[in-house]
Amino acid sequence: MPTKTAAKKQTKKPKTKDFVPNIVAFACNWCSYAGADNAGVNRLQHNPNFRIIRTMCSGRVTPGFVIKALKLGADGVLVSGCHFGDCHYIFGNYRAVEQFEKTKALVKTLGLDEKRVRLEWVSAAEGPRWAELMNEFVEQITQLGPSPLGNNERH
Ligand code: FES
């Protein structure tokens with residue numbers, strides 16, 4: 001039987017103003033990771049509340065990667081790769097679109113808002129776009145609040 005404190009903890013909702021989202025960004029090595037690096041090299045200001053995981057291609061990011069990130073406490077997950085026609089592996093980003101459709105279906109099945117996951121294209125030269133995208137996504141997840149999945153003890 002749960003103690004009074006445990007029950008209280010489970011029902012306690014964090015105030016939006018105190019909520020700092022935990023975001024995971026999968027970025028492909030050849031474009032988006034370089035785009036994020038470009039933002040850093042150019043000292044562009046953007047929200048720092050995300051962690052980047054570099055993958056060789058956006059097509060490598062299967063639904064399992066995203067669901068695991070959500071289960072481990074991510075409030076939102078971004079998958080990012082090269083623009084169409086620029087993928088280092090020719091059609092990897094087309095595969096990413098297919099994978100992402102499956103990911104969104106799973107996210108909905110889990111009862112989560114599908115806005116918690118996002119697929120975007122950022123090239124190596126698009127540092128400003130990366131900065132803008134991350135600001136926008138962090139804001140979007142902040143509005144949604146903490147994910148009901150995963151460990152929200154940190155809040
Ligand atoms: S290498 Fe960037 S999406 Fe495939």
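A short reminder: the numbers here are calculations on the coordinates, not readings from a lab. Just so it is clear, the structure is predicted and the values come from calculations on it, not from any experiment. Every residue, glycine among them, receives a Cβ derived from its backbone with ideal geometry; neighbour counts consider all protein chains shown.
If one computes the Cα centroid of region 39-65 and of region 71-138, what distance in Å separates the two points?
Centre-to-centre (Cα) distance: 9 Å.
Restricting to lysines 8 or more places apart or on different chains, can you count the pairs in the chain with Cα atoms under 17 Å from each other?
Within the chain, the lysine pair count is 12.
Treating only the Cβ atoms of Lys and Arg (+1) and Asp and Glu (-1) as charged, compute the dipole magnitude of region 23-144 about its Cα centre; round to the nearest 20 debye.
Computed about the Cα centre, the dipole is about 420 debye.
Of all beta bridges DSSP finds with both residues in region 23-144, what is the antiparallel percent, to the nearest 5?
In region 23-144, DSSP labels about 0 percent of beta bridges as antiparallel.
Under the 0.36 nm per residue contour assumption, what length would be gained going from the current alpha-carbon distance of Asp37 and Phe84 to full extension?
Extra length available between Asp37 and Phe84 comes to 14.9 nm.
In whole Å and largest first, what semi-axes does the C-alpha gyration tensor of region 23-144 yield when each eigenvalue is scaled by 5 and square-rooted?
21, 18, 10
Pairs of Cα atoms under 8 Å, at least six residues apart: use those to get the relative contact order of region 23-144, whole percent.
39 percent
Treat each spin label as a single point 7 Å out from the Cα along the C-beta direction, and report the Glu132 to Asn47 distance in nm.
Modelled inter-label distance: 1.6 nm.
Using the number of other C-beta atoms within 10 angstrom as an exposure proxy, rank Leu110, Leu78, Leu119 with the fewest first.
Ascending Cβ contact count within 10 Å gives the list Leu110, Leu119, Leu78.
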